[in-house]
Amino acid sequence: MVRMNNYNGGFVDSHRKHRNALYLLVVFLAILQITSFVLLNLQISRLNMKIDSGINKVEIDSKEFTTKLVGSYNDLYQENFKDISLSLTDAEKNFNREIKLIKSTQNDFSGIVEDVVKSVVSVTSDNSLGSGFIVNSEGYIVTNYHVISTNEKNIKVITYDKTILLAELIGKNEKKDLALLKIDGNYRAIELAEDEDIQVGKKVIAIGNPLGLSYSVTEGIISAIDRLGPSGLREYIQTDVSLNPGNSGGPLIDIQGKVVGINNFKIGGAESLGFSLKSSSVKETINNVANQTIIP
């Protein structure tokens with residue numbers, strides 16, 4: 001009986017040891033599982049963070065790409081719009097020019113005069129009165145020297161908008177009866193014609209201040225070219241345009257609105273015998289007087 005008890009006791013002890021070992025194994029496995037779960041969650045979290053970061057980066061890159069794309073399209077649109085606007089502006093100018101040419105060929109100079117007259121001025125010096133015209137947008141004016149010869153220090157210019165300004169005498173050429181004046185401000189200049197544009201029989205108009213009647217317009221044709229004049233050179237245009245005191249220094253304009261000459265003198269006691277210094281001579285003389293390119 002004692003042996004049986006010993007055997008049973010040993011069996012119980014052995015069973016208890018196995019059970020404790022099993023419990024320890026279960027606890028270890030549980031701890032291992034929990035640890036693995038925690039580590040797995042950490043890895044998943046890190047992976048999610050990377051994925052989110054990648055998505056955000058993709059979204060940012062996508063936004064930057066979209067912004068750049070929209071900007072490129074906008075720049076292209078603006079450039080095309082600018083080109084179209086310039087084309088329309090040029091077309092409008094050409095259209096208006098053609099209309100004025102058509103009107104001028106029908107003896108209607110109203111369109112030409114409307115543009116040119118704003119560049120014509122009255123010039124006074126003491127008791128002398130004449131005309132002039134703006135040849136450079138910076139306020140350079142050409143007139144006859146005899147208009148301002150009475151007092152070179154007291155020259156006044158009256159612009160188309162009735163503004164009275166003191167003018168500075170930049171230079172002169174008494175032989176060709178030319179003077180270059182300068183007033184402050186920016187203005188619209190008149191373009192000068194080339195020699196090949198000056199032809200006998202071509203219609204022309206004179207704009208000036210005859211007898212103080214501001215901005216009077218008279219019409220005629222070119223009667224002859226290369227006439228001998230006071231300069232001793234054959235560089236004068238003969239016209240049948242009516243010229244009177246006050247027209248001196250004013251422009252002689254063709255149907256394109258360009259200056260073919262500067263009105264200079266007429267033959268006293270005769271009708272329709274006016275003379276203008278040719279535009280090419282005006283350009284050369286004025287640029288020499290100024291010692292720079294005033295008239296391009």
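None of the figures in this text is laboratory data; all of them are computed from the coordinates on show. None of the values given here were measured: they were computed from a predicted structure. Cβ: placed from backbone, ideal geometry, glycine included. Neighbour counts: every protein chain shown.
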Practice task
Confirm whether residue 285 is of a type in the set (S, T, N, Q) and surrounded by 14 or more Cβ atoms within 10 Å (Cβ to Cβ).
Solution key: yes
Practice task
Could you check residue 152 against (1) charged (D, E, K, R); (2) buried (at least 22 other Cβ atoms within 10 Å of the Cβ); (3) touching a Leu at 6+ places or on another chain (Cβ under 7 Å) and say which number it fails?
Solution key: (2)
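One line per residue, one yes/no per condition, for (1) surrounded by 20 or more Cβ atoms within 10 Å (Cβ to Cβ); (2) of a type in the set (Phe, Trp, Tyr); (3) touching a residue at least 40 places away in the same chain (Cβ under 8 Å):
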{"site": "198", "(1), (2), (3)": "yes, no, yes"}
{"site": "219", "(1), (2), (3)": "no, no, yes"}
{"site": "222", "(1), (2), (3)": "yes, no, no"}
{"site": "241", "(1), (2), (3)": "yes, no, no"}
{"site": "252", "(1), (2), (3)": "yes, no, yes"}
{"site": "256", "(1), (2), (3)": "no, no, yes"}
{"site": "264", "(1), (2), (3)": "yes, no, yes"}
{"site": "275", "(1), (2), (3)": "yes, yes, yes"}
Handout entry: Which numbered condition residue 228 fails, given (1) buried (at least 23 other Cβ atoms within 10 Å of the Cβ); (2) more than 20 Å from residue 120 (Cβ to Cβ)
Key = (1)
Problem - Candidates 204, 147, filtered to the one that is in contact with a Gly (Cβ under 7 Å, 6 or more places away or on another chain) and within 18 Å of residue 253 (Cβ to Cβ) - result: 204
Problem - Any hit, segment 179-199, residues being basic (Lys, Arg) and in contact with a Gly (Cβ under 7 Å, 6 or more places away or on another chain) - result: yes
